[in-house]
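For reference, the structure discussed in these notes is given below.
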Amino acid sequence: MSGGAPDIAARLERLRLDIATAARNVGRDPASVNLVAVSKTHGVEAIAVAYEAGQSRFGENRVQEAAAKFPGLRARHPDIELHLVGSLQRNKALDAVLLFDVIHSLDRAGLAEAIARAGDRVGRVPRCLIQVNTGREPQKSGVEPDGLDDLLARAHALGLPIIGLMCVPPADADPAPHFAWLAEAARARALPELSMGMSGDFEQAIAHSATLIRVGSAIFGSRPPLTGR
Ligand SMILES: *Cc1c(COP(=O)(O)O)cnc(C)c1O
């Protein structure tokens, strides 16, 4: 799959129908599900095609890659909204704060402090979601479930706008219990946004109340093999 222009527009159209069906199946308004089109590894041309097909919310997982692709696109299309879905190093916090509207991967106090400091410097701070390592996988980003409340309290003390929770369930597991856990954790803390669901499991995520689904390959086609990602 190369992801040429007709493919991207057709896949987006198909995806919108599938999102609407999944929402209606559980009695939700399809407009309550917001699609983040994850464009990592795909070029500016592919992103522009998706934009022309009506998609203005994009997600990237690396600051440097996003910084290379999006400033030009945004100069032409100021309504583009950019989300960071990958993990963030403290030393990239300033770049991230300048570039992104929403950060899905806040997962530790040191990073919250770096984002808050960067926000003070530039006079704007992205909305943030706390990423929770619901599968307690040692290699994966995300705060441990037991550490969520401490991190939330720290983020609030720093004045960060925390809008919700995010998770990436273990690749080989049924995602449903992870989605259910995250939904309950957000509800119990009155956090409105739930970032969960990717190309392979967005319908289940919608059934579990996802408000932000992060879909890449179902729109842009397959990515080159993972190298150091
Ligand atoms: C790449 C990525 C996605 C999109 O994955 P697809 O399976 O291509 O839809 C979603 N979330 C995160 C955190 C990602 O890194």
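The values are calculated or read from the model by the stated rules, or taken from the named source; none is laboratory data. All figures in this text were calculated on a predicted structure; none of them were measured in a lab. Quick reminder, even Gly has a Cβ in these numbers, built from the backbone with ideal geometry, and neighbours come from all protein chains shown. Calculation scope for accessible area: heavy atoms of the full protein, side chains included, ligands and nucleic acids excluded. Shrake-Rupley method; radii C 1.70, N 1.55, O 1.52, S 1.80 Å.
Of everything in the stretch 209-226 that is more than 17 Å from Ala171 (Cβ to Cβ) and surrounded by fewer than 23 Cβ atoms within 10 Å (Cβ to Cβ), the residue that is nearest to the ligand (Cβ to nearest atom) is Gly221. Identify all residues within the stretch 23-41 that are crowded, with 17+ Cβ neighbours inside 10 Å and either among the acidic types (Asp, Glu) or assigned to a loop (DSSP other than H, G, I, E, B) (or both); write none if there are none. Hits for the stretch 23-41 are Arg28, Val33, Ser39, Lys40, Thr41.
Picking from residues in the stretch 171-208 that are out of contact with any Lys or Arg (no Cβ under 9 Å at 6 or more places or on another chain) and among the aromatic types (Phe, Trp, Tyr), the one that is nearest to Ala22 (Cα to Cα) is Phe179. Before we move on, is Leu88 in contact with a strand residue (DSSP E or B) (Cβ under 9 Å, 6 or more places away or on another chain) and in a loop (DSSP other than H, G, I, E, B)? When the stated conditions are applied, Leu88 passes them. State whether one or more residues within the stretch 61-69 are outside any strand (DSSP E or B), polar (S, T, N, Q) and open to solvent by less than 60 Å² (accessible area, probe 1.4 Å). Yes, because at least one residue in the stretch 61-69 is outside any strand (DSSP E or B), polar (S, T, N, Q) and open to solvent by less than 60 Å² (accessible area, probe 1.4 Å).
Which one of Arg57, Arg76, Arg24, Arg16 is among the basic types (Lys, Arg), in contact with an Asp or Glu (Cβ under 7 Å, 6 or more places away or on another chain) and without any contact (Cβ under 8 Å) to a residue 60 or more places away in the chain?
Only one candidate passes the filter, namely Arg57.
Every test in (1) more than 15 Å from the chain's Cα centre (by Cα); (2) surrounded by fewer than 20 Cβ atoms within 10 Å (Cβ to Cβ); (3) not in a helix (DSSP H, G or I) is passed by Ser141 save one, and that test is (1).
Which condition does Val36 not pass, out of (1) without any contact (Cβ under 8 Å) to a residue 60 or more places away in the chain; (2) touching a strand residue (DSSP E or B) at 6+ places or on another chain (Cβ under 7 Å); (3) closer than 22 Å to Pro192 by Cα, if it passes all the others? Unmet condition: (1).
Scanning the stretch 21-47 for residues being closer than 17 Å to Asp201 by Cβ and either in contact with a Leu (Cβ under 6 Å, 6 or more places away or on another chain) or more than 16 Å from the ligand (Cβ to nearest atom) (or both) gives a total of 7. Among the residues making up the stretch 90-136, those that are farther than 23 Å from Arg57 by Cα and open to solvent by 60 Å² or more (accessible area, probe 1.4 Å) are Arg90, Asn91, Arg108, Arg117, Asp120, Arg121, Arg136. Look at Leu82 and say whether it is over 22 Å from Ala9 (Cα atoms), open to solvent by less than 40 Å² (accessible area, probe 1.4 Å) and within 15 Å of the ligand (Cβ to nearest atom). Spelling it out, it is not the case that Leu82 is over 22 Å from Ala9 (Cα atoms), open to solvent by less than 40 Å² (accessible area, probe 1.4 Å) and within 15 Å of the ligand (Cβ to nearest atom). Of all residues in the stretch 165-177, those being away from the ligand (no atom under 11 Å from the Cβ), open to solvent by 30 Å² or more (accessible area, probe 1.4 Å) and of a type in the set (Gly, Ala, Ser) number 1. In the stretch 186-208 there is at least one residue that is open to solvent by 20 Å² or more (accessible area, probe 1.4 Å), away from the ligand (no atom under 14 Å from the Cβ), in contact (Cβ under 8 Å) with a residue 40 or more places away in the chain and among the small types (Gly, Ala, Ser). Being open to solvent by 10 Å² or more (accessible area, probe 1.4 Å) and of a type in the set (A, V, I, L, M, F, W, C) is true of Ala180. Residue check: Ala205 meets all listed conditions (1) in a loop (DSSP other than H, G, I, E, B); (2) under 14 Å from the mean Cα position of the chain (by Cα) but one, namely (1).
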